[in-house]
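The next block holds one structure in the form of structure tokens; read it before the comments.
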Amino acid sequence: MPTAEERVLAEEGVTPTLGSAGISRQRFLGQLGASVAGVAVGSELLSTALGGRSAFLAAPPAFAAGGGNIVAPLPIPGGDFNTHHFLPGRGKEVTTINDFNGFVGIAQLTGTGKSSDGSALNFSCDNRFLIGEYVGEDGKLHRGAFGVF
Amino acid sequence: MGQGHIHDFTPGVAPSGLFWTAAIPPDSVDITLGKVTASFRVTDFPLLDIITTPSPPGTVSFDMEWSGKTADVAVKDFVNGFAGEYSQCTATIEWSAHTANFSFVSDAASTSATRFAELGRERNGRFFSQG
């Protein structure tokens, strides 16, 4: 049974590969969590990946060497009130990451709950997920999953 | 939350300006664009309660669900340099938060209300200029 990520990619007609060996996006993304030391993306492959929709997620991953940390993305320029993000709304950019190409979800929600002392509280949230490829602060192409909270 | 804004859980703003954004476990998101459904779940995710100074560390757990398409939206914004194809929909959340001195548990997901929600594909920056 395909993973959700594989189903999304299948909808897009994309078969992600890692080098010459096929690898599912779920497996690849799993490596992000496993802190696997990385593979740098060559400029030729980067330009190929940036060139068109069909290359989405076709480039190998790049991870920070040593510590296994995900290479930080860069913020979008501008944004509402120059905060590098846009408030939720129709036609507004969801991602907070610049040089990003991927899947996004956003939900601005309100509700109720209780604190530990039993007080009734209201809440509001603007939570987002961003999954895809991006050019990190090292100038190289990476893939990653991010939350905006 | 509550009368006044008394707690706010975020990763903070990075020195680069990256706003409220943190890497998440990749298996925390499950999305099926064709059906306009998705889930986003985290457990004991470390965030800061930034309302107080210094900001105490805390953890947040939540289960978010998206479904029920209400509209399709396509955007190509040359001013801000991004494009996307989105499906607006509804969403729910059930969540909890904990710090050393505070905890919160929301009511059931079905009681949350959507102000805005959508799923989609989006590209910007170099991906926008070359796409």
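Read the figures in this text as sums done on the coordinates, not as results from a lab. All figures in this text were calculated on a predicted structure; none of them were measured in a lab. Virtual Cβ from ideal backbone geometry, glycine too; neighbours counted across all protein chains shown.
Values for this structure:
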| quantity | calculated |
| --- | --- |
| Residues located in region A:77-87, provided they are at the interface with chain B (Cβ under 7 Å from one of its Cβ atoms) and within 18 Å of the chain's Cα centre (by Cα) | A:HIS84, A:HIS85 |
| Those residues of region A:114-131 which are more than 8 Å from chain B (Cβ to nearest Cβ) and surrounded by 20 or more Cβ atoms within 10 Å (Cβ to Cβ), in sequence order | A:ARG128 |
| Every residue from region A:114-145 that is over 15 Å from the mean Cα position of the chain (by Cα), at negative phi and either outside any strand (DSSP E or B) or not acidic (Asp, Glu) (or both) | A:LYS114, A:SER115, A:SER116, A:ASP117, A:SER119, A:ALA120, A:LEU121, A:ASN122, A:PHE123, A:SER124, A:CYS125, A:ASP138 |
| Residues that are at the interface with another protein chain (Cβ under 7 Å from one of its Cβ atoms) and under 17 Å from the mean Cα position of the chain (by Cα), drawn from region B:63-85 | B:MET64, B:TRP66 |
| Given (1) facing chain A (nearest Cβ under 7 Å); (2) within 24 Å of B:PHE127 (Cβ to Cβ); (3) not basic (Lys, Arg); (4) not in a helix (DSSP H, G or I), index of the condition B:GLY34 fails | (4) |
| Selection status of B:ARG115, free of Cβ contacts under 8 Å to residues at least 60 places away in the same chain, assigned to a strand (DSSP E or B), within 9 Å of another protein chain (Cβ to nearest Cβ) and surrounded by fewer than 18 Cβ atoms within 10 Å (Cβ to Cβ) | yes |
| Hits in region A:94-147 (condition: among the aliphatic types (A, V, I, L, M), free of Cβ contacts under 8 Å to residues at least 60 places away in the same chain and touching a Lys or Arg at 6+ places or on another chain (Cβ under 8 Å)) | A:VAL94, A:VAL104, A:ILE106, A:ALA107, A:LEU109, A:ALA120, A:LEU121 |
| Only one of B:GLY12, B:GLY17 that is more than 7 Å from chain A (Cβ to nearest Cβ) and small (Gly, Ala, Ser) | B:GLY12 |
| Matching option when the condition is over 15 Å from the mean Cα position of the chain (by Cα) and not basic (Lys, Arg), among B:GLY12, B:GLY17 | B:GLY17 |
| Of all residues in region B:5-50 being closer than 28 Å to B:ALA100 by Cα and of a type in the set (S, T, N, Q), the one that is surrounded by the fewest Cβ atoms within 10 Å (Cβ to Cβ) | B:THR43 |
| Residue within region B:43-62 that is in contact with a helix residue (DSSP H, G or I) (Cβ under 7 Å, 6 or more places away or on another chain) and either at the interface with another protein chain (Cβ under 10 Å from one of its Cβ atoms) or of a type outside the set (S, T, N, Q) (or both) present | no |
| Where a residue in region B:11-32 is within 16 Å of A:TYR134 (Cα to Cα) and its partner, wherever it lies, is among the aliphatic types (A, V, I, L, M) and assigned to a helix (DSSP H, G or I), with Cβ under 9 Å and at least six apart | B:ALA23/A:LEU32; B:PRO26/A:LEU29; B:PRO26/A:LEU32 |
